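The values are calculated or read from the model by the stated rules, or taken from the named source; none is laboratory data. All values derive from a computational prediction rather than experimental measurement. Cβ sites come from the backbone with ideal geometry, for glycine too, and all protein chains shown count toward neighbours. Side chains included, ligands, DNA and RNA excluded: accessible areas come from the protein's heavy atoms. Shrake-Rupley method; radii C 1.70, N 1.55, O 1.52, S 1.80 Å.
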Amino acid sequence: MAIEQEQLSTEIVNQGIKDSGPNAGSLSFSVRVRRGLPDFLSSVNLKYVKLGYLYLLSHRYYFLVAPVVTVLFSAQLGKLAWQEFFLKCDVVDAFFMIGLLGLIVYVYLDLTPRATYLVDFSCYRPPNELKISKGEFIDLVRKSGDFNDEAIEFQRRVLKNSGIGDETYMPRAIFQPGQRISLKEGREEAAMMMFGAIDDLLSATKIRPKDIKILVVNCGILNTTPSLSSMVINHYKMRHSIQNFNLGGMGCAAGLIAIDLAKDMLNAYPGSYALVVSTEVVSYTWYNGNDTDMLFSNCFFRMGTSAMLLSSRRLDRWRSKYELKQIVRTHKGVDDRSFKCVHLKEDNEGKVGISVNKDVFEVGGHALKANITTLGPLVLPVSEQVHFFTNLLFKRKTDKSKPYIPDYKLAFEHVCILATSKKVLDEIQKNLELTDEYMEASRKTLERFGNTSSSSVWYELAYLEAAAANTSKRIKKGDRVWQIAFGSGFKCNSVVWKALRDVGRPKRSPWFEEDSNSM
């Protein structure tokens, strides 16, 4: 098996003035070599291309069969002249023909998968008293007494280059000296964010809680008994027959997995509403030790929650914002490096935290490569696919140049990439050759809200809607939106939405100040 070339990046680190030794009094520098994202567009794994086309054929089965049935039925009906039909057919025959035609239409509509619509969504913005700047973050970390000088300096350096701004949100309780977050406080944080997002969504859609047939809640770290989904059911007094699911331990990619599960459940219960809630409890991701691999989550994770209302009711098409077009999920958990690169564990002192090791960039790059290669046949224009296969088939074996890589910008008008860190976004932009305009929603979300885990891609979509006053950035009818998220496991998931209408500025948005509608 061919080994993919590992991509390395270098960083010059200023270690300050040496206090002792032969070079005392002089500046000291070192060169740090790190793994980067592999150049996943430099080669193509045909296994994933084939998988993409298998998805395409399976989704198009009904649309291939329907025209054949229609032509055969029309041909048989066309053999009868209208006069002969009226002369020879009595009322019973006429009703029989109409009934047969109606049965064919009913069976076709019943067998074909219903479209899944995103009626609306909302993102919760915590209260202003929970805002925290980078400077205040470091001051509170120092006052907490949990970290040594090396750990504090490490967090300061990470925050400086993170792309995170000075208006993100964090629970203040985690910084109190000697504080250990209790289950009660974790529930309260989850309830504040989940109920806040759901309240906004129900208010915007005018849907009653008892109208919701399916509920999916995802939270990576906090898993309670009763579950978070049960908390939602109890709070809103939902129906006794609700189909509820609680996803845990699936990382930042869980939000799109929840959408996939809701879609499958809507196919099983046609004509229903599904509520999806994506959250993360920051107080339970907090690590109060000194292991540098486990301090990354402290620097990036911030408070945030999103709630989405999905429907498979055909009559909801007229009032929905988007239609779900494709979902592609990639899981690399069979590989040990992928499985262990993001891991919840205990350090040498028994303190629990999320460890992010040095393999995460390389592992993430391979997962992303597999995912977009599978997605390509489902979304790329035919001209790009023909160009790609022509280049692949007729390329000489002695030709060592890179294969032609399709332009994914032709498949999507808007892109929402999980806002993990500035470095990750820079690498993805370079590898996918995306313009700054495509990356704007992700970068702005990282700056304003930080990494809100599984809800991050929804804050990015909310940014695109809030920018509707700008004609060039407006989401127009027919535009395709690509949401892509990755997380522990290692997973990479893609969801593609198609706008059903011109999406104007919403009345409420996490990007609007309370006293104005300006971003």
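The set of residues from region 147-188 being of a type in the set (D, E, K, R) and more than 20 Å from residue 448 (Cβ to Cβ) comprises 149, 150, 153, 156, 157, 180, 184, 185, 187, 188. Going by the conditions given, is residue 428 open to solvent by less than 10 Å² (accessible area, probe 1.4 Å) and more than 26 Å from residue 216 (Cβ to Cβ)? The answer is yes for residue 428.
Applying the selection to region 207-225, what residues are modelled with pLDDT of 95 or more and either among the aromatic types (Phe, Trp, Tyr) or open to solvent by 70 Å² or more (accessible area, probe 1.4 Å) (or both)? The answer is 208, 210. Considering region 328-342, and only residues there that are outside any strand (DSSP E or B) and of a type outside the set (A, V, I, L, M, F, W, C), the residue that is nearest to residue 281 (Cα to Cα) turns out to be 340. Looking across region 187-201, the residues that are in contact with a Ser or Thr (Cβ under 9 Å, 6 or more places away or on another chain) and either without any contact (Cβ under 8 Å) to a residue 24 or more places away in the chain or surrounded by 20 or more Cβ atoms within 10 Å (Cβ to Cβ) (or both) come down to 189, 190, 193, 194, 197, 198, 199, 200, 201. Under the condition of being over 26 Å from the mean Cα position of the chain (by Cα) and open to solvent by less than 10 Å² (accessible area, probe 1.4 Å), which residue from region 120-143 is farthest from residue 300 (Cα to Cα)? Among residues in region 120-143 that are over 26 Å from the mean Cα position of the chain (by Cα) and open to solvent by less than 10 Å² (accessible area, probe 1.4 Å), the one farthest from residue 300 (Cα to Cα) is 141.
Number of residues in region 443-466 that are open to solvent by less than 10 Å² (accessible area, probe 1.4 Å), over 23 Å from residue 354 (Cα atoms) and free of Cβ contacts under 8 Å to residues at least 60 places away in the same chain: the value is 3. The residues listed here are 358, 325, 345; of these, the one that is closer than 21 Å to residue 259 by Cβ, open to solvent by 30 Å² or more (accessible area, probe 1.4 Å), assigned by the TED database to the domain that holds residue 205 and not in a helix (DSSP H, G or I) is 325. All conditions but one from (1) at negative phi; (2) modelled with pLDDT of 95 or more apply to residue 317; the one that does not is (2).
Among the residues making up region 469-488, those that are open to solvent by less than 50 Å² (accessible area, probe 1.4 Å) and more than 14 Å from residue 418 (Cα to Cα) are 475, 478, 479. Restricting region 489-504 to residues that are assigned to a loop (DSSP other than H, G, I, E, B) and at pLDDT 90 or above, which is surrounded by the fewest Cβ atoms within 10 Å (Cβ to Cβ)? That would be 502.
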